[in-house]
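Shown next, in structure tokens, is the structure this report addresses.
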Amino acid sequence: MALLAAAACAPEPARPRTFGPAEIAKGQALFETNGCPACHGHEGHGDGQLAPTLTPTPRDFRHPDAFKGPRTIDAVAAVIARGLPAFPTAMPALNTLDQDTRELIAAYVLSIGAPPTP
């Protein structure tokens, strides 16, 4: 009986957060105001003003293979927070942005691309 009571009090597993058009539009605005277009371009095509000076060039979010990890809000928000220090890239850590901001930007970034290939 005690086990059943403990199980009933256990927290539910987190459900993936979903973002509608309003949140994606807000994410796009945050993408713009936080300097992302300088490298990734205004539409996330990897063609920003600084792109030609960077090796490797910034990711084009339209391509499913642009994402080395999972294509989830959490995974993309984590990359925004920590940057990509393990790769030879100029992607900086944007850990000064709060989690909600990173998630909204991630939702926008994921909305740009094609679905992942199976």
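Rule-based calculations on the coordinates, nothing more; no lab input. This structure is a prediction, so every number in the text was calculated from the model and none was measured. No Cβ is skipped: glycine too gets one built from the backbone with ideal geometry, and neighbour counts run over all protein chains shown.
Hey, rough spin-label estimate for residue 49 and residue 81, points 7 angstrom out along Cα→Cβ, what's it come to in nanometres?
Those two pseudo-labels are separated by 3.1 nm.
How many nm separate the modelled label positions at residue 96 and residue 18, each set 7 Å beyond the Cα in the direction of the Cβ?
3.6
Tell me, what is the percent relative contact order of the range 19-112, built from C-alpha pairs under 8 Å that lie six or more residues apart?
33
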